[in-house]
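What follows is one structure encoded as structure tokens, with my remarks underneath.
The values are calculated or read from the model by the stated rules, or taken from the named source; none is laboratory data. These numbers come from a predicted model, not from an experiment. We place every Cβ from the backbone using ideal geometry, glycine too, and count neighbours over all the protein chains shown. Note: areas computed on protein heavy atoms with side chains; ligands, DNA, RNA excluded. Shrake-Rupley method; radii C 1.70, N 1.55, O 1.52, S 1.80 Å.
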Amino acid sequence: MYVAVAGTFGPIHDGHRALFREALERGDEGVLVALTSDSFARGKRERPVPDFDDRRARVREELDELDKWGRDVSIEKLHDEHGIASTDPSIDALVVSPETAHELADINDNRVQQGLDPVRGIVVPFVRAADGERISSTRLVRGEIDEHGRCSTEPDDVGD
């Protein structure tokens, strides 16, 4: 199965890693990471977003570290909300979070209108921080949590 996963992925956290792991595990015919362009990423967010090249390098590092299967992985620039998933006929499945799962219907409508087969949606549950709230880049940038979901108010596990 050729699997795609899309996002801004900056800064990267354990929620992103869960999406990457699922895509890598299922993508026996390859994995496509659709990484938002700078203008697309920054147009949707009020928080700072690292530059595309920095995010691409960081995504590549994460994928290399997580890839136990030796998958063929490509990273492409995403310029709009459904671009690649709606137009690439080779994509069989799209890995999404519950936050973006609702977009699958529009993506599949667009694909069918173009004569393409619908993609299968693979929804990966949110990864929760220590406080029970979901891990997000916004929370990470605000300093509420670290990339693993530890709250900034938690004491470090340093020797007593």
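Mind checking which residues of segment 126-155 are surrounded by fewer than 17 Cβ atoms within 10 Å (Cβ to Cβ), in contact (Cβ under 8 Å) with a residue 60 or more places away in the chain and assigned to a loop (DSSP other than H, G, I, E, B)? Selection gives Phe126, Glu147, His148. Residues in segment 40-75 that are among the small types (Gly, Ala, Ser) and either over 26 Å from Arg26 (Cα atoms) or in a loop (DSSP other than H, G, I, E, B) (or both): Ala41, Gly43, Gly70.
Which residues, taken from segment 67-91, are surrounded by fewer than 17 Cβ atoms within 10 Å (Cβ to Cβ) and within 23 Å of Asn108 (Cβ to Cβ)? Correct list: Ser74, Glu76, Lys77, His79, Asp80, Glu81, Thr87, Asp88, Pro89, Ser90.
Rundown of residues vs (1) buried (at least 20 other Cβ atoms within 10 Å of the Cβ); (2) over 10 Å from the mean Cα position of the chain (by Cα); (3) among the aromatic types (Phe, Trp, Tyr); (4) at pLDDT 95 or above, yes/no style:
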{"residue": "His16", "(1), (2), (3), (4)": "yes, no, no, yes"}
{"residue": "Glu25", "(1), (2), (3), (4)": "no, yes, no, yes"}
{"residue": "Phe40", "(1), (2), (3), (4)": "no, yes, yes, no"}
{"residue": "Asp54", "(1), (2), (3), (4)": "no, yes, no, yes"}
{"residue": "Ala57", "(1), (2), (3), (4)": "no, yes, no, yes"}
{"residue": "Glu61", "(1), (2), (3), (4)": "no, yes, no, yes"}
{"residue": "Glu65", "(1), (2), (3), (4)": "no, yes, no, yes"}
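The requirement of being among the hydrophobic types (A, V, I, L, M, F, W, C), under 13 Å from the mean Cα position of the chain (by Cα), open to solvent by less than 30 Å² (accessible area, probe 1.4 Å) and within 16 Å of Leu19 (Cβ to Cβ) is not satisfied by Leu104.
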